[in-house]
Amino acid sequence: MNLRSHSVVIALWCVQPILQSALAMILWRRKLNKQFPVFFVYLLVQVADFCITFPLQNNPKTYFVFFWLGAAVNAVLGFKIIHEVFLDVFRPYHTLKDLGTLLFRWAGVVMLLVSVVVAFSNSYDPSPLVHALTTLQRSIRIVQLGLILFLLLFSKFLGVSRKQLSFGVALGFGLFAGVELLLYALNSGGFVGQRTLNPINMLTFIAATFIWIGYSLSGQAVRVTANHLQTQRWEQGLADLQPAVPADSLIPMFEGMVERAFSRSSSLEPADDPFAVPRPPASVRANSAAVGSKIRP
């Protein structure tokens, strides 16, 4: 890498934390960090990662360790951001949201297992941990790209406006993921070198950050109330499939039985029983009680 290209890469690298800090400030000032806390933490981690790794670029060994440590943290946060966007999109549909949460957990486990298996399947790989993290990153990029494609296709059914911040977050990550996956494919085929890959990758991430800033500054659009009758039917269908929740214990059942027994006994009048002994009047019962109290020693 010549001096000019190196200077371009350094300049693009330094622009990223500035834009990310501005975006984090906008989210904090507009109270959007409470709506997307994982995305807010992701921005702060990106800035902290730059502050740690940038001074270490002249120390290759230490830089290598902190670079891949930051890559692991970013991979985890990137997957959590996908889940966060998914929860915001399916906020009105509780059953679909619960199902999606379960699917995301299993998807995370599967991606982690696939990364480990692919990394350690080659016994001649000198750095299996790096290979595992690279595979995990590419898997997450595929999911991020699939998320924005899903929102583009089903936004009308879900009642999601394309002006919502959740759509903008997915759009930024989808753009970056699509370009990065394309560059990796071209690099593997020998069509794009590392010297070209890094600046394009950085420019794409800066473009994604500008998308996030634009969505953060714009007003929060309300959800679209039309064209999502099909989604409501899906929600109702999944709710009907859920089994009835059994009682936590048998105590409420026995209490109900006892209450019903007492109510029946109290509602039974003496006239209804043909074998009941007639009770004396109240005045006679009072005199008998007075006499009894006198003869008592």
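The values are calculated or read from the model by the stated rules, or taken from the named source; none is laboratory data. Model, not experiment: these values are computed from the prediction. Cβ atoms come from the backbone with ideal geometry, glycine included; neighbour counts cover every protein chain shown.
The table that follows gives values for the structure above.
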quantity	calculated
Matching option when the condition is loosely packed, with under 15 Cβ neighbours inside 10 Å, within 27 Å of VAL15 (Cβ to Cβ) and modelled with pLDDT of 90 or more, among GLY168, GLY214	GLY214
Residue selected from segment 131-160 under the condition of a type in the set (Val, Ile, Thr) and at pLDDT 80 or above, by the criterion surrounded by the fewest Cβ atoms within 10 Å (Cβ to Cβ)	ILE142
Search result, residues across segment 20-61 that are surrounded by fewer than 16 Cβ atoms within 10 Å (Cβ to Cβ) and not in a helix (DSSP H, G or I)	ARG30, LYS31, LYS34, GLN35, GLN57, ASN58, ASN59
Residue list for segment 184-205, filter: more than 22 Å from ILE142 (Cβ to Cβ) and surrounded by 12 or more Cβ atoms within 10 Å (Cβ to Cβ)	ARG195, THR196, PRO199
